[in-house]
Amino acid sequence: MSPAFLPGAMIGILGSGQLGQMLALEARRMGYGIAVFSPDADTPCGRIADREIVAPYSDLDAVRAFAASVDVVTYEFENVPSETVAAIESVGVSVRPGANVLHVAQNRLREKAFFVSLGIATPPFAPVRTAGSIAEAVGVTGLPAVLKTVGSGYDGKGQRTVRTGDEAIVAFAELGGVECVLEGFVRFAWEGSVVAARGVSGDFAHYGLVRNEHALSILDVTTAPAPDASPALAQEAIDATRRIMDALDVVGVLCVEFFVTPEGELLANEMAPRPHNSGHWTQNGAITNQFEQQLRAVCGLPLGDTAMTQPGAAIANLLGDLWDNGEPDFAAMLRDFPGAKLHLYGKREARPGRKMGHIVAIAPTPEAAREHALAARARLTRQ
Ligand code: AMP
């Protein structure tokens, strides 16, 4: 087994948004140093880190210099170019989770084929590489369907729901004519996800199956544990997540998102090899949160206890839209909801749909936690 990186070691993070920031805060609490590398300046993570390197991921000299100055590298988004990973590894520094995990997670077609290879069900899907292949793809998926670019989509970006083949042709052009996947439109009963961690020796810890509610394809509310899940369904989702992580030898945190059909069937939608928005409730609702867990895993330390601090937990996301009429009323929310926890990412500019922060609530039941988080968020709107 490789030696552990103990407190005092330097963690390198690729990407400088809120997920990097929250990892950096945990790392600081535990006595680690942080160096962050991203093309952006003045970032949520950069303000917490010891060092912020601002350079494109394609600047391999800068990448190698960064790697040589840290003990281990992780990332907060899955679209890290493979050349960047190779440059880090060329100086003898590990990237965790590894290049093989990124290779699968970066491409929706590879990802779905990988799920299927493990016997994990997905919505029907087919590749779309040219407008001419759309009719054949529709034959596989049926209509309506969802056309998605295979790479670099997030929060509903890079995808279109289509009702006819002609709409799919228009959508393909609108998405830039790049390689896409067409998926059958799932009339799901609800959406869920599992966030889990896997250590260097294959040890595994999970946060159960949670329920996710989206608004305009952006995560809005997560409730933990998923109120509508039977123990058997939750176990099936956890087992699928573990099979995925074992098969890829993941060292780190990974999230798998699922659709649950009205018949109670689980369909894997996508995975992210990093902490996930649907795991933010662990910051106040679990003994060890997902960011500390990421730190422990990538440092080769034992994983922490994932037990919940109360039987229910929830998050409500705070999008830039809340800033439409000026600064939200934080004072009122903090006064009226003393048990709710406010997390803000310190982003300079609030834009519609931009994730600015979230509220965590914990309660004796999952639904009570959800109600509490929603009520606290509503209090942010000025009366
Ligand atoms: P994704 O980027 O794949 O996670 O998609 C974002 C959101 O769009 C999902 O969480 C769903 O709410 C919705 N969505 C994506 N794919 C499908 C699908 N095949 N059928 C129905 N809804 C979908």
- Residues in region 104-120 that are small (G, A, S) and more than 20 Å from Q159 (Cα to Cα) total 2
- What residue, of V146, V116, V104, is among the aliphatic types (A, V, I, L, M), in contact with an Asp or Glu (Cβ under 6 Å, 6 or more places away or on another chain) and farther than 30 Å from V70 by Cα? V146
- Is it fair to say I120 is surrounded by 20 or more Cβ atoms within 10 Å (Cβ to Cβ) and either more than 9 Å from the ligand (Cβ to nearest atom) or in a loop (DSSP other than H, G, I, E, B) (or both)? yes
- If you check P311 against the conditions, is it farther than 30 Å from A99 by Cβ, surrounded by 19 or more Cβ atoms within 10 Å (Cβ to Cβ) and touching a residue at least 40 places away in the same chain (Cβ under 8 Å)? no
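Here is a yes/no grid of residues against (1) more than 27 Å from S152 (Cβ to Cβ); (2) within 16 Å of the ligand (Cβ to nearest atom); (3) buried (at least 24 other Cβ atoms within 10 Å of the Cβ):
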site	(1), (2), (3)
I169	no, no, no
G177	no, no, no
L182	no, yes, yes
E191	no, yes, no
S201	yes, no, no
G208	yes, no, no
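Picking from E78, E111, E136, which residue would you name as being under 23 Å from the mean Cα position of the chain (by Cα) and either away from the ligand (no atom under 15 Å from the Cβ) or not in a helix (DSSP H, G or I) (or both)?
E78
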- Task: Output the residues belonging to region 111-126 that are closer than 12 Å to K148 by Cβ and either of a type in the set (F, W, Y) or at pLDDT below 95 (or both).
- Result: F125
- Inspect all residues belonging to region 215-223 and state whether any of them is away from the ligand (no atom under 11 Å from the Cβ), over 24 Å from N284 (Cβ atoms) and in a loop (DSSP other than H, G, I, E, B). no
- Query: Is it the case that P262 is within 16 Å of the ligand (Cβ to nearest atom), on the phi < 0 side of the Ramachandran plot and surrounded by fewer than 19 Cβ atoms within 10 Å (Cβ to Cβ)?
  - Reply: yes
- Give just the number: which of (1) in contact with a strand residue (DSSP E or B) (Cβ under 9 Å, 6 or more places away or on another chain); (2) surrounded by 17 or more Cβ atoms within 10 Å (Cβ to Cβ); (3) modelled with pLDDT of 95 or more does Q106 not satisfy? (1)
- Criterion: outside any helix (DSSP H, G or I), small (G, A, S) and within 16 Å of the ligand (Cβ to nearest atom) - qualifying residue of A196, A226: A226
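The values are calculated or read from the model by the stated rules, or taken from the named source; none is laboratory data. What you see is a predicted model, and the numbers here were worked out from it, not measured in a lab. Every residue, glycine among them, receives a Cβ derived from its backbone with ideal geometry; neighbour counts consider all protein chains shown.
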